[in-house]
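Notes follow once the structure below has been shown.
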Amino acid sequence: MTKEKTLPQPANTLAMAGDNTYNENSGQQYLAMEACLPLFEGLSFGPNATFVDYGCSQGAASMAVMQRLVSQLLPHSTATLVFNDLPSNDFNSLIKLLPTIKSFDSIKIIYPCIVPNSFYNPVMPQNTVDVAFALSSIHWLRELPPPKAATESFEEFIRTRNNRNSAASHKDLVEFLNLRGREIKPGGKLIVAVPSPCADNTDGRITGNERLRCALFIAMENLIATGRLPSNATAGVYPPNHVHTEQSFRAALNEAKNAWTIEKVYSRVIPHPAYQAMLESQKGVQDMGLKKTFEEAYAGTVVDWILAVFKPFMQSWWIEQGLNEEVCEQVFQECSDMAKIEFVNNAGAQLPVAQDFVFVRLNRC
């Protein structure tokens, strides 16, 4: 009996929402970058160094790290700065930020380069990279998971998706580590900040995260009910990613063909900065109407934040399901507005949106 072959899924080719949208809505990712900065302390490299960001997106966090690395070079050194992401990435927004590095340190020679390629492919020549980093990027999968079947409940879909994505994520991470092992010099460093499953719900962050996602899907379901979206509009919009634990990272590291050693590892909870801003605004406020205004502002920020990630997958799927391209942007805005109202109405705006992260520095043996 011949075993039926499983056809590969389509490659993930969609980057974050363009036109600087991701930069404008990446406050939590920026805090994760700041929490990662201690891993860049004490690094040493020669007068001609190459630094690579695998998964640079639109560059807001990447520029801060590159500035840190350039500042650690001796005067009159040369630095090659490589920014890598998918070909669909909004590199124009990144390019506009490049002058900030030159103005930050004008006594060093800087050569910025852009490599539009998946980091599941070779990105750099062998043994050419001194320091590489991947911040909030290696949880993205190489392939798009299958969409939700019409017969599946949303709970069944999430469970099936998590099981499938766990295996795919492990395979992808092993491949990523093997590729970087060929590109990074012996003695070079690879630094990652990777989202991790929330460890507990003592501060309400698991509930807050769930209510944010539920608000988005409820908004889509309401638009389906009124005929503004196709009937299957929610089935294929979940982004192709899977978070890592320290244990899953170590498991992939053990399978990587190249010799890596872990130099430092730690975990942090990274809240969305808008939650703390809302709490500060509400201090001493007794007026319930004013408090709700602050909640609405918080809801607006975190919904815009999650949609900076979800938007490309939502619109691509909607169009594939038959939504007219001309009205797609209008319907997306309606969905955004409805999700913000729903997040406030389901008391999500009273809870933190936060993400656990694992931070790791690896040495190439």
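A few comments on the model shown:
- Residue in region 269-277 that is closer than 30 Å to ALA149 by Cβ and not in a helix (DSSP H, G or I) present: no
- Members of region 153-181 that are surrounded by 14 or more Cβ atoms within 10 Å (Cβ to Cβ), under 14 Å from ARG142 (Cβ atoms) and among the aliphatic types (A, V, I, L, M): ALA168, LEU173, VAL174, LEU177, LEU179
- Among (1) part of a helix (DSSP H, G or I); (2) over 20 Å from ILE218 (Cβ atoms) - the single one ARG361 does not satisfy: (1)
- Residue list for region 183-209, restricted to those being under 20 Å from LEU31 (Cβ atoms), surrounded by 21 or more Cβ atoms within 10 Å (Cβ to Cβ) and over 17 Å from the mean Cα position of the chain (by Cα): ARG205, GLY208
- Residue match in region 239-258 (condition: in contact (Cβ under 8 Å) with a residue 12 or more places away in the chain, in a helix (DSSP H, G or I) and hydroxyl-bearing (Ser, Thr, Tyr)): yes
- Filter result (of a type in the set (Phe, Trp, Tyr) and surrounded by fewer than 16 Cβ atoms within 10 Å (Cβ to Cβ)) within region 315-365: none
- So GLU325, is it without any contact (Cβ under 8 Å) to a residue 60 or more places away in the chain and farther than 23 Å from GLU34 by Cα: yes
- When we screen SER336, SER281 for residues that are farther than 21 Å from GLY204 by Cα and part of a helix (DSSP H, G or I), the only hit is SER336.
- Scanning region 290-312 for residues that are within 20 Å of ARG213 (Cα to Cα) and in contact with a Cys (Cβ under 7 Å, 6 or more places away or on another chain) turns up nothing.
- Residues in region 19-51 that are hydroxyl-bearing (Ser, Thr, Tyr) and either in a loop (DSSP other than H, G, I, E, B) or at pLDDT below 95 (or both) were compared, and the one that is surrounded by the fewest Cβ atoms within 10 Å (Cβ to Cβ) is SER44.
The values are calculated or read from the model by the stated rules, or taken from the named source; none is laboratory data. A quick note: this is a predicted structure, and the numbers were derived from the prediction, not measured. Neighbour counts are summed over all protein chains in view; Cβ atoms, including those assigned to glycine, are modelled from backbone coordinates with ideal geometry.
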